Amino acid sequence: MSRDSSQDDPNWSSSTRQLRAGHDPSNAHGFVNPPTVRGSTVLFPDTATMRRRGQPFTYGLRGTPTLRALEAAIDELEGSHGTVLVPSGLAAVSLPLLAFLSAGDHCLVVDSVYGPTRLFCDTMLKRLGVETEYFDPAIGAGLRALMRPNTRVVLLEAPGSNTFEILDVREAADIARAGGAVSMLDNTWATPLYFRPLDFGVDLSIHALTKYPGGHSDLLMGSVSATKDTFDRLRDAQMQLGINVSADDAYLVFRGMKTMGVRLPAHRDAALQLAAWLETRDEVARVLHPALPSFPSHDLWRRQFGGSSGLFSFVLAGGGRREAAAFLDALRLFGLGYSWGGFESLALEVDLSDRLFAKAPSEGPVIRLQVGLEDVKDLQTDLEAGFEALRDLS
């Protein structure tokens, strides 16, 4: 069972409340972590209870004590009415879209959205009769002109994937609500430790729990946290689609979240140190990190976010795929791999060829870095090896 928060001190910090969220040891024989409850069938004491579903758990698909503990912990962080868990970050995007869109509807999506989200909109949603329209992340109040009578969803991402544009979340959410649409925001980059979308008027906050909450690159999971007005429809869609997560993975995320408040500042600080150093390099045209004062929408980021994470990009000064490959192949500490948010550092070349408005920088290829928990000096030395490989090409 979820922990009763009535004993919490209102003066406790958010980090302290996070450590206590989701589980009451007194409900589990004193164990400080929730039990990992695996199961499908749940027995009822009698027919009357079964008919009215008169007990907390009725079937494994609808949740277990382990899943409820994680949902409650996320609600504590998000300030949400309810949270649903799904098997991946992409599922956390597709589920609310399917929940709130129908044939003939119009969906507005920021152009700097996560690539697989765009693919889902351009294939599955299109096949289901939903029209998706992409908009410039710098559109501001111009978003209002794109709203139609049949616009049902406005999907946001802040910062934008790979290029990290910042938009005014409150303004976009207000425009969506005034037009009768539901707003959703992919908040994976900042996590609720540094940004709470529902506090800015957003209806649904989306996360890839695979990333910082899990923190160890050993699981896949997503979550959607909703307001009271949107939660029931979201939960109904989850049950109609028949998707949930395993108790073992939910336990790993629950455990990972207990140290996220310590890990995330370490990712943040190391990334900022490397980003500032990269700005001094002649091989770098520019660094795409919203927490840097040089970033175009830095002031807007500061007004909304409480911190930054370990993911950012930089633009090589000249060259193309050959130069990008030479740089990346010279790295030994930064692994070449997708995803991010784990303890290990990663790097890849970004493909922005599907963008309509938030176009790829013209100076050269974009390299995305996930800065892990290794020593920053070692990471800097590794990047220097990449730059040395570029010099060897000329």
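The values are calculated or read from the model by the stated rules, or taken from the named source; none is laboratory data. Since this is a predicted model, take the numbers as computed values, not measurements. Methodologically, a virtual Cβ is constructed for each residue, glycine included, from the backbone with ideal geometry; neighbour enumeration extends over all protein chains shown. These area figures cover heavy atoms from the full protein model, side chains too; ligands, DNA and RNA do not enter into them. Shrake-Rupley method; radii C 1.70, N 1.55, O 1.52, S 1.80 Å.
Measuring nothing but protein heavy atoms, the accessible surface of the stretch 303-394 at 1.4 Å probe radius is 51 percent carbon and sulfur. Entry comment: accessible area of the chain is 44 Å² per residue, from protein heavy atoms only and a probe of 1.4 Å.
Partners of Lys228 within straight-line reach, counting aspartates and glutamates whose Cα lies under 16 Å from its Cα and excluding those fewer than 8 residues away in the same chain: Glu71, Asp75, Glu76, Glu78, Asp199, Asp203, Asp236. Working ranking of peptides 160-172, 314-326 by packing, defined as the average number of other Cβ atoms within 10 Å per residue, highest first, is 160-172, 314-326.
Listed by chain and number, the lysines whose C-alpha is less than 26 Å from the C-alpha of Lys126, apart from same-chain residues fewer than 8 away, are Lys359.
Counting only protein heavy atoms, what percent of the accessible surface of the stretch 188-295 is carbon or sulfur at a 1.4 Å probe?
Its accessible area is 50 percent carbon and sulfur atoms.
What is the Å³ per residue value for the convex hull set by the Cα atoms of the stretch 83-216? If you can, show how the numbers build up before the last one.
Working: hull volume 13.3 nm³, N = 134.
It comes to 99 Å³ per residue, whole-number rounded.
Using the Cα gyration tensor of the stretch 42-90, with a ≥ b ≥ c the square roots of its eigenvalues, what is the shape: rounded (a/c below 1.5), prolate (a/b larger than b/c) or oblate (neither)? Taking the square roots of the gyration eigenvalues as a ≥ b ≥ c, the stretch 42-90 is prolate. Heavy-atom accessible area with a 1.4 Å probe sorts Tyr59, Tyr338, Tyr114, largest first, into Tyr338, Tyr59, Tyr114. Backbone phi angles across the stretch 131-138, fed through the Karplus curve with coefficients 6.51, -1.76 and 1.60 (θ = phi - 60°), yield HN-Hα couplings of 8, 9, 10, 9, 10, 5, x, 8 Hz in residue order; Gly and Pro are listed as x.
Report the far tail of the P(r) of the chain, meaning the percent of Cα-Cα pairs longer than 27 Å.
That fraction is 51 percent.
Ligands, DNA and RNA left out, the 1.4 Å accessible surface of the stretch 85-168 is 57% carbon and sulfur atoms.
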